[in-house]
Every structure is written in structure tokens, then in C-alpha cells.
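The values are calculated or read from the model by the stated rules, or taken from the named source; none is laboratory data. As the structure is a computational prediction, the values presented were derived from the model and not from experiment. Note that each Cβ is placed from the backbone with ideal geometry, even for glycine, and that neighbours are counted across all protein chains shown. Just the protein is used for accessible areas: all its heavy atoms, side chains included, with ligands, DNA and RNA removed. Shrake-Rupley method; radii C 1.70, N 1.55, O 1.52, S 1.80 Å.
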Amino acid sequence: QVQVVESGGGLVQPGGSLRLSCAASGSSFRTYAMGWYRQAPGKQRELVAVIRSSGSTIYADSVKGRFTISRDNAKNTVYLQMNSLEPEDTAVYYCNVKVGNYEAWGQGTQVTVSS
């Protein structure tokens, strides 16, 4: 069973930046597909960004050019660098691990963009 722990959320002003981190357990981290999802109040959970084991990435249209997903396999960690944050980015951000038919979620970290 893979343990997933997010960190780095908080309160930031519009136009500001935050970096989220997600640490996943296991000796096969480099084979995991890692993703960030978010859920705003009253809305469904949505994909933000994914990075595959190959390093290829996918982004939601709403964050392209502002967010960057990356991974450090030596540290079993994936990052989400969020720049030019907007109030619409306010949500609980969840880290997701997929390997084969197995997937695991973290507990989520709150990101609030407000002046």
C-alpha cells in the first residue's frame, strides 16, 4: 500500500506563488504516474496536472502556463509549482498515485487565494 502525503498549501494573495509537495512511499516510485487534482467547494474534483513515469506531462487548460508539475525520483516526491495564482485556484489539492490498476490519494492540502 502506497502512503501519500501532501504539504505546502496555504493562503496567498492573487498573483502570488506556492509550491506543493507530495511524498509517496515505496521503492518503485519511478514507475508511478503522479497527479495533482483539486476540489473547490460545491464542485467536482478535477485534474490539474499529471506527470508520467517517462516524465511526460498533462495540464488542465485552466493552469497551462502558470503551473508546473515535476518529480524527483531520488526523493520519492512530486511537486506542483503554482504561479500567477487566481482566486479561482482556491481549492483542496490532492495528490494521486497510479501504478497499474492501483491508485492512492493523499489527504489533501488547502490552497486559498485571496486578498
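Does G15 satisfy being small (G, A, S), out of contact with any Pro (no Cβ under 8 Å at 6 or more places or on another chain) and surrounded by 13 or more Cβ atoms within 10 Å (Cβ to Cβ)?
Values: small (G, A, S): yes; out of contact with any Pro (no Cβ under 8 Å at 6 or more places or on another chain): yes; surrounded by 13 or more Cβ atoms within 10 Å (Cβ to Cβ): no.
Criteria not met by G15.
Condition first: in contact with a helix residue (DSSP H, G or I) (Cβ under 7 Å, 6 or more places away or on another chain) and either surrounded by 15 or more Cβ atoms within 10 Å (Cβ to Cβ) or under 12 Å from V48 (Cβ atoms) (or both). Now tell me which residues in region 83-115 satisfy that. V99, V111, V113 - these are the residues of region 83-115 that are in contact with a helix residue (DSSP H, G or I) (Cβ under 7 Å, 6 or more places away or on another chain) and either surrounded by 15 or more Cβ atoms within 10 Å (Cβ to Cβ) or under 12 Å from V48 (Cβ atoms) (or both). Of all residues in region 4-12, none are aliphatic (A, V, I, L, M), touching an Asp or Glu at 6+ places or on another chain (Cβ under 8 Å), within 18 Å of V113 (Cβ to Cβ) and in contact (Cβ under 8 Å) with a residue 24 or more places away in the chain. Can you pull out the residues in region 56-76 that are open to solvent by 40 Å² or more (accessible area, probe 1.4 Å) and part of a loop (DSSP other than H, G, I, E, B)? Passing the criteria: S56, D61, S62, K64, G65.
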